[in-house]
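In what follows, a single structure is set out as structure tokens and then discussed.
Please treat every number below as a calculation from the coordinates, not as lab data. Computed from a predicted model, the values in this text were never measured in an experiment. As a convention, Cβ positions derive from the backbone with ideal geometry for all residues, glycine included, and neighbour counts pool all protein chains shown.
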Amino acid sequence: LLQLSVPLNFIGFVYREIRQGLTDIEEMFDLLEVKPEVTDAPDAKELVIGHGAISFKDVHFAYDAARPILKGISFEVPAGKTVAVVGPSGAGKSTLSRLLYRFYDVQSGTITIDDQDLRTVTQKSLRKVIGMVPQDTVLFNDTIAYNIRYGRPGASEAEVTAAAEIAQIGNFISQLPEGFETKVGERGLKLSGGEKQRVAIARTVLKAPPVLILDEATSALDTTTEQEIQTALDVVSQNRTTLVIAHRLSTVIGADEIIVLKSGEIAERGTHAALLDQNGLYASMWNRQREATQAEEHLKQVREND
Ligand code: ATP
């Protein structure tokens, strides 16, 4: 990515230039905006990845000093395990994923991967080991094959096809008149949120990173799409250290640990079953979401019968 210490009119120029070639430019701009917050330490080393254990220790963070967002967060994602973070909107869930990807540095406390403080390693080596499936995926105005291969530019055609299958988007692609050569993005075929997310998953399958961050889209998906995405995510997260920022509770049921975040603090933690037993915040979120899903399904049935 671009290092940012350039004058604003230059950014305007770059913006106009690259918006021709990129969709979701706002997302890239978001990245640009946060870029100057973090620089490599002069003596930064390459991250040496072992099994990919993640640890947050007493992490405090604020975007704006007057308003603390994370207030002493500690948890671990043991190597190969999955931890899901849930909680009300604005609790700070996505902020955790941004800190792990090091878009920002913590104010105090530490985040480590395999015992190496993120602030002591190069950003490049950090991002090489992390696969990020974001809320909104950037698609290039190019073919589907290009967009998937972006995860590992040297990948063969067979590997791209296999990744699409794993990501549960192979069937969709094969039904397109031009298949993998179909142009997507702003000037091509517009993909739905669920389809874009599966392209991102296929990319991640090719990248095969030891550490995975899944930041689920907030937007509602229909049950079939949700199940397809869930199947894809189960495959990619297998044996990978995975942090899931979850908006849909279907993703969290199988997590090794669920962290319930509320106003920047951990309110509850445990497995799905243990948290339901506690009958607290998680249990009430779960019941509410289940009722909403049932109501939605009911509405759909009524419409279909009309
Ligand atoms: P949601 O479920 O709605 O996605 P979340 O729990 O993921 O919410 P975050 O995105 O982590 O919440 O945001 C936590 C708080 O930090 C919010 O109140 C948000 O307004 C604030 N915030 C997020 N990004 C920024 C930013 N770049 N600058 C200032 N404040 C921010």
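Things worth noting here:
- Backbone amide hydrogens, once placed in the peptide plane, bring Val244 within less than 5 Å of Val83, Ala84, Val85, Leu214, excluding anything fewer than 5 places away on its chain.
- Ranked by how many other Cβ atoms sit within 10 Å of their own Cβ, fewest first, the residues Ser55, Ser74 fall in the order Ser74, Ser55.
- Modelled FRET efficiency - R0 35 Å, Ser156 with Lys45, Cβ distances, 0.05 increments: 0.60
- Loop-located GluC sites (Glu not before Pro) in the range 80-180 whose Cβ has at most 12 other Cβ within 10 Å (DSSP): Glu178
- Under Karplus coefficients 6.51, -1.76 and 1.60, residue-wise ³J(HN,Hα) of the range 110-115 in Hz, glycine/proline x: 9, 10, 10, 10, 6, 6
- Debye, to nearest 20: dipole size of the chain, +1 on Lys, Arg Cβ, -1 on Asp, Glu Cβ: 420 debye
- Percent antiparallel among DSSP beta bridges (both partners in the chain, rounded to 5): 50 percent
- For Ser74, the amide hydrogen comes within under 5 Å of the amide hydrogens of Asp58, Val59, counting only partners 5 or more places away or on other chains and with H modelled in the peptide plane.
- Filter on Lys93/Lys190; Lys196/Lys300; Lys93/Lys183; Lys124/Lys190 - keep pairs with C-alpha separation over 27 Å: Lys93/Lys190; Lys93/Lys183; Lys124/Lys190
- Residue order for Ser250, Ser174, Ser89, fewest other beta carbons within 10 angstrom first, comes to Ser89, Ser174, Ser250.
- Scalar couplings 3J(HN,Hα) for the range 289-306, obtained by applying the Karplus form with A = 6.51, B = -1.76, C = 1.60 to θ = phi - 60°, are 5, 5, 5, 5, 5, 5, 4, 5, 4, 4, 4, 5, 4, 4, 5, 5, 7, 5 Hz; x denotes Gly and Pro.
- Projecting label points 7 angstrom from Cα along Cα→Cβ for Thr224 and Gln289 puts them 2.3 nm apart.
- Within the range 238-266, backbone nitrogen closer than 20 Å to the virtual label 7 Å beyond the Cα of Ala273 toward Cβ: 249-260
- Cut-off 12 Å between beta-carbons: net charge of the residues surrounding Glu226, Lys and Arg +1, Asp and Glu -1: -3
- Ordered by the count of other Cβ atoms within 10 Å of each Cβ, fewest first, Lys93, Lys183, Lys45 give Lys45, Lys183, Lys93.
- Distance from the range 262-306 to the range 130-183 (C-alpha centre basis), Å: 32 Å
- Rounded FRET efficiency, nearest 0.05, which uses the C-beta distance separating Lys262 from Glu296 and R0 of 22 Å: 0.30
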